[in-house]
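To start, the structure under review is shown below, and the notes come after it.
Where a number appears in this text, it was derived from the coordinates with a stated rule and is not lab data. What you see is a predicted model, and the numbers here were worked out from it, not measured in a lab.
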């Protein structure tokens, strides 16, 4: 049988490197922008204009229009084809709808006619922005606790159910840290922002990661009941080999679709799709190469601090 689980120390090192790079990207973002990743208008108060012009225009021309309406430091970013320069995103402080409409009309008059069918204005007040941020943090925290309790209940017939739950949650948090690092890096390179779609992608990644982990854990439970005297490493090796094909086929099918959307989809959804792709990739890795090896290391007493912390529940 393939000695998969015996190489767990190498898998832990790969994960440590990925986590280090992710944290380094967030630290670099803090040093550069003051925040670990750039928050979008969904989490911060402000207004985001996406304007499609009928003729190419320059960044300075658009900036001058916004500054003439009292916008102190508008963030003007070109979208779409960099050689055409006819689609722009502008982020400003919070602007009332009537005033926003006046600014769009000024751009249409002074710069180039605006294609209203392909343009949009989104505003979030300070109260709404803070509420969304708080709700996002609470949602992730509550989901983590509920998932841990669910796994512990589902695997209550095994000897150490808390270990199954803890390993699954740690693998999930590993995936979340990596996609946070990815969005921080892309924020530095391409000015990508964390918005409501990113939160959706993060929760989707968490769900896929846990699904893969639970499938493997469930097979470990079944094989443990069939061979109660077998060494844990042999049981886990057998369980992984019996489930890895299903996991890979399922995830690869989803990844092929995501790659097609990244290449041929719209610019507005590209960050969302890219985060999903990275999350599914690392989720597939963590389910097999993090959660399962960590469970084995815990069962064999290679994690003494965790062993002592849960001795009372054994």
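Here are some notes:
- Once the Cα atoms are used to define both axes, helix 59-68 deviates from the longest principal axis of the chain by about 70 degrees.
- For the chain: relative contact order, % (alpha-carbon pairs under 8 angstrom, 6 or more apart): 23
- Percent RCO, i.e. relative contact order, over segment 136-209, from Cα pairs under 8 Å lying at least 6 residues apart: 28
- Whether segment 174-283 is rounded, prolate or oblate, judged on the alpha carbon gyration tensor where a/c under 1.5 counts as rounded: prolate
- Principal-axis tilt of helix 161-190 within the chain, Cα atoms, nearest 10 degrees: 30
- Convex hull volume per residue for segment 46-124, taking Cα atoms only, in Å³: 77
- Cα gyration tensor category, rounded, prolate or oblate, for segment 126-187 with a/c compared to 1.5: oblate
- Helix 232-264 vs. the chain, principal-axis angle (Cα, 0 to 90°, nearest 10): 20
- Matching the structure-derived volume of the Cα convex hull per residue in Å³ against the labelled list [x] 158; [y] 150; [z] 123 gives the label [y].
- Overall shape: oblate for segment 227-306, with the ratio a/c of the largest to smallest alpha carbon gyration tensor axis at 1.5 or above and b/c at least equal to a/b.
- Measuring nothing but how far apart in sequence close Cα pairs (under 8 Å, 6+ apart) lie, relative to its length, segment 46-124 scores a relative contact order of 48 percent.
- Max-minus-min Cα coordinates of segment 109-268 on each principal axis give 80, 36, 26 Å, with the largest extent listed first.
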